[in-house]
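Asks: Shown below is the structure under consideration.
The values are calculated or read from the model by the stated rules, or taken from the named source; none is laboratory data. Since the structure is predicted, the reported quantities are computational estimates derived from the model, not experimental observations. Because the Cβ atoms are built from the backbone with ideal geometry, glycine has one as well, and the counts that use them run over all protein chains shown. All accessible areas refer to the heavy atoms of the entire protein, side chains included, with ligands and DNA or RNA removed. Shrake-Rupley method; radii C 1.70, N 1.55, O 1.52, S 1.80 Å.
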Amino acid sequence: MFTPATITNAKYGLDPITGENTCINCVFDGSHVSVPLAAGNTEYAEILRQVAAGTLTIKDAD
Amino acid sequence: MALTKLRPAGQGFVNGSRNLVINGAMTVDQRNQTTTATGYTVDRFNIAKSNFDELVIAITQDTDNPSGNGFAHSLKLAITTAESAIAADELLYFDTRFEGQNIQHLCYGTSSAKSLTLSFWVKSPLAGKHSVTFYQSTPARSNLQSYTISSANTWEYKTITIDGDTSGNIANDNSPEIYLFWPLAGGSDFHGTPHTGWGAYTATDDFMFSDQVNLAGQTGNFFLTGVQLEIGENASDFEHENYGTTLAKCQRYYFRMGGSSAYARYTLGQCDSANNCNGVVELPVQMRDTPTIETTGTASNYAVYEAGIVHTCSSVPLVNALGSDKNVANLISVSTGNFAAGNAGELISNNSASAYIAFKSEL
């Protein structure tokens, strides 16, 4: 009964000091969110699941 | 106090919170919005709506309530366009979820597993059989129960008692370990021949009863409030809490700032370059995990106030995983080429009383 979240416009965001990826910005089930690259975060886990399943691609940061 | 109010030995509760459900009276609604698709509604209550092609719904906090029972609010599902026929994969339900470390005292997986009693007030547009599903996530186990609405569009009080699950398992961590579902409508993918009591969950048999009413099949309003889940075999009076107590419990999973004034202040931080301003939000309670940041999605709703100038943001604020955890959120605000490095800067709403920043760590 758990349906996959609808995720669109996924794109990495950078840490301004290190220049490394620090978050994923996307529209998640209709909400505009910035998801930290943090284990345990529910949205990050779902993003990783969809990337592994091949149903989601994350664009590089600008 | 009458002796009948005293609970039998062994049916007590831990640390004063008898009700395992957070916000069962639907008093806290930080989002304060109309939800029309899958997502959280009033705090701690989620709606799932999947694969419908006609159904139109609107979920809100409402003031309709069972008069004389101390409730001021309810969770309202308005069905404004019905689904003419339910396809196999269509599903509509409410749920609320329980964090594993908060329910260790249920002793699931042991011979001491505790019975639970669910009580709630409900007003349904359809009389007849309705489902409630208790679900454990690891491993997937379920216990499907029913309640009957006697009169449509009338507040009714329902109680359901289930045995403890001696074969269950509740991980002692911050993950969702028990779910409580109110299935409202569903196709044949979600009902069949369910097992009785606790047992291994099979989606095609155990989520809901096949002969329950179909709440997606007509327009009308479904209301829910006074949800209480407690240890024991009897329902006690609803445990009313003051607003602040319930709000603090909810903020472990969702915390929202702004949305009320044109130049609401969110963070005070430092500009580390001409483009970026970093600010830290100390979260009001420790969140379940490092939170996701939710915004309006419109960059111009946000600005950085630096050196007496309001600089409109060129992108919505971002969360920086570096420097963020359960207690603190580190936000990055961007206004390209506008800052002097080293200056202080405040992230504010940009003349928008509807702009907000929310911190989300839902189960």
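Asks: Contact list please: Cβ distance under 6 Å, first residue in segment B:324-336 and over 10 Å from B:Val280 (Cα atoms) and within 9 Å of chain A (Cβ to nearest Cβ), second residue among the hydroxyl-bearing types (Ser, Thr, Tyr) and not in a loop (DSSP other than H, G, I, E, B), pairs at least six apart or on different chains.
Replies: Sorted first by the residue in segment B:324-336, then by its partner, the pairs are B:Val334/B:Ser315.
Asks: Taking segment B:258-297 as the search range and keeping residues that are closer than 15 Å to A:Pro36 by Cα and either outside any strand (DSSP E or B) or in contact with a Lys or Arg (Cβ under 6 Å, 6 or more places away or on another chain) (or both), which one is farthest from the other protein chains (Cβ to nearest Cβ)?
Replies: By that ranking, first place goes to B:Met287.
Asks: Same structure again: Go through segment A:15-37 and report how many residues are farther than 15 Å from B:Thr295 by Cβ, surrounded by 18 or more Cβ atoms within 10 Å (Cβ to Cβ) and modelled with pLDDT of 95 or more.
Replies: Result for segment A:15-37: 2.
Asks: Follow-up. Just a yes or no: is a residue in segment B:36-46 assigned to a loop (DSSP other than H, G, I, E, B) and more than 25 Å from B:Gly258 (Cβ to Cβ)?
Replies: No - not one qualifying residue is present in segment B:36-46.
Asks: Oh, and also: Please work out if B:Ile149 is open to solvent by less than 60 Å² (accessible area, probe 1.4 Å) and more than 20 Å from the chain's Cα centre (by Cα).
Replies: When the stated conditions are applied, B:Ile149 passes them.
Asks: Within segment B:87-112, track down each residue that is open to solvent by less than 20 Å² (accessible area, probe 1.4 Å) and hydrophobic (A, V, I, L, M, F, W, C).
Replies: B:Leu91, B:Leu92, B:Phe94, B:Phe98, B:Ile103, B:Leu106
Asks: Let me ask another. Condition test on A:Tyr44, is it within 16 Å of B:Val334 (Cα to Cα) and open to solvent by 40 Å² or more (accessible area, probe 1.4 Å)?
Replies: Spelling it out, it is not the case that A:Tyr44 is within 16 Å of B:Val334 (Cα to Cα) and open to solvent by 40 Å² or more (accessible area, probe 1.4 Å).
Asks: Any residue in segment B:43-55 that is over 25 Å from B:Gln30 (Cβ atoms) sitting within a Cβ distance under 7 Å of a residue that is open to solvent by 50 Å² or more (accessible area, probe 1.4 Å) and part of a loop (DSSP other than H, G, I, E, B)? List the pairs, counting only those 6 or more apart or interchain.
Replies: B:Asn51/B:Asp89; B:Glu54/B:Ser84
Asks: For segment B:164-207, what are the residues that are assigned to a loop (DSSP other than H, G, I, E, B), within 12 Å of chain A (Cβ to nearest Cβ) and within 30 Å of B:Ser112 (Cβ to Cβ)?
Replies: Selection gives B:Asp173, B:Asn174, B:Ser175, B:Tyr201, B:Thr202, B:Phe207.
Asks: Based on this model, can you work out whether B:Asn301 counts as under 18 Å from A:Gly19 (Cβ atoms), crowded, with 17+ Cβ neighbours inside 10 Å, under 35 Å from the mean Cα position of the chain (by Cα) and not aromatic (Phe, Trp, Tyr)?
Replies: When the stated conditions are applied, B:Asn301 does not pass them.
Asks: Looking at B:Pro139 and the list (1) open to solvent by 50 Å² or more (accessible area, probe 1.4 Å); (2) modelled with pLDDT of 95 or more; (3) assigned to a loop (DSSP other than H, G, I, E, B), which single condition is not satisfied?
Replies: (2)
Asks: Also, quick follow-up: Return the residues of segment B:123-161 that are of a type outside the set (A, V, I, L, M) and in contact with a helix residue (DSSP H, G or I) (Cβ under 7 Å, 6 or more places away or on another chain); say none if nothing qualifies.
Replies: B:Ser142
Asks: Would you mind finding the one in B:Asp165, B:Asp211 that is touching a residue at least 12 places away in the same chain (Cβ under 8 Å), surrounded by 14 or more Cβ atoms within 10 Å (Cβ to Cβ) and among the acidic types (Asp, Glu)?
Replies: B:Asp165
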